1. Could you give every pair whose Cβ atoms fall below 6 Å, whose first residue belongs to segment 102-125 and is more than 14 Å from G29 (Cβ to Cβ), and whose second residue is modelled with pLDDT under 90 and surrounded by fewer than 12 Cβ atoms within 10 Å (Cβ to Cβ), counting only separations of at least 6 or pairs across chains?
2. Pairs, please: C-beta under 6 Å, at least 6 apart or cross-chain, first residue at negative phi and hydroxyl-bearing (S, T, Y) and in segment 205-219, second open to solvent by 60 Å² or more (accessible area, probe 1.4 Å) and assigned to a helix (DSSP H, G or I)?
3. Look through A94, A88 and report the one residue that is aliphatic (A, V, I, L, M), closer than 22 Å to V64 by Cα and either open to solvent by 40 Å² or more (accessible area, probe 1.4 Å) or in contact with a strand residue (DSSP E or B) (Cβ under 7 Å, 6 or more places away or on another chain) (or both).
4. Could you please let me know if S56 is of a type in the set (S, T, N, Q) and either in contact with a Ser or Thr (Cβ under 7 Å, 6 or more places away or on another chain) or buried (at least 24 other Cβ atoms within 10 Å of the Cβ) (or both)?
5. For segment 35-82, which positions are assigned to a helix (DSSP H, G or I), more than 18 Å from I165 (Cβ to Cβ) and free of Cβ contacts under 8 Å to residues at least 24 places away in the same chain?
6. Within segment 71-82, track down each residue that is crowded, with 20+ Cβ neighbours inside 10 Å and aromatic (F, W, Y).
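The values are calculated or read from the model by the stated rules, or taken from the named source; none is laboratory data. The model shown is predicted, which means the values in this text are computed figures rather than measured ones. Note that each Cβ is placed from the backbone with ideal geometry, even for glycine, and that neighbours are counted across all protein chains shown. Quick note on the areas: whole protein, heavy atoms, side chains included, nothing else; ligands and nucleic acids left out. Shrake-Rupley method; radii C 1.70, N 1.55, O 1.52, S 1.80 Å.
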Amino acid sequence: MDSIKKYVAEAIGTFTLTLFGCGSAAIAGATLGTLGIAFAFGLSIVAMAFAIGNVSGCHINPAVTFGLYADKRISLKDLFGYWIGQFAGGIVAAFVLMLIINSCDALGGVTATGLGTNGFGEASTTGISMVGAFAVEVILTAVFVLTILGVTASEKASNFAGIVIGLTLTFVHIMGIPLTGTSVNPARSFGPALAMAVQGNTLALERAWVFIFAPLVGAGIAAAIFALFKGYYSTQE
């Protein structure tokens, strides 16, 4: 039962991150700009860290879960359980967001606004290539996951870990939004891509593999780097 509660918490957390982060980009991106969208994602993490952190640890990101698994902090069972919850939350959030946008006449529907999907080439405001997009997502995710591994390894930092993680997600979005829309989170990318495909635009779904695999690679790199530094932390028992 405790395991199920953790997976449900991850679904709720990923739902919140996807709905408010992608929703801010799709509905008010022109008003908020890069900085505003970045804070929408970051503040979602801060809120969920305090809401579900004691239940599941508030990964709400398959790449983060993979990094923690690589660091041997969670079991293989929890790895897949968390992934199921996270992808479910991201998918449900995307379809709820689609319903909201399609019900607002002034927005012109998801065909006009999108759903905050990730992309490259013509789907990127900077026209970044596929290789460039993969590299960016690996680097941004590695920085993000390395920060999480570090701040959660020390008991002294545990009280403000959620704020550090939220601010880190904010700053990686500031750089990443003009390039790829910033994924660093396979569940956040797959949900909107799937919902857009249902609306007849399959481009994001066809390219979703980049935003699924690149963050996982970045998380693996972060875990490898962190392994070199583990002796400098007082790990929690």
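1. Qualifying pairs under 6 Å: none.
2. none
3. After ruling out the rest, the residue left standing is A88.
4. Values: of a type in the set (S, T, N, Q): yes; either in contact with a Ser or Thr (Cβ under 7 Å, 6 or more places away or on another chain) or buried (at least 24 other Cβ atoms within 10 Å of the Cβ) (or both): yes.
Criteria met by S56.
5. Residues satisfying the conditions are G36, L76, L79, F80.
6. The one that is crowded, with 20+ Cβ neighbours inside 10 Å and aromatic (F, W, Y): Y82.
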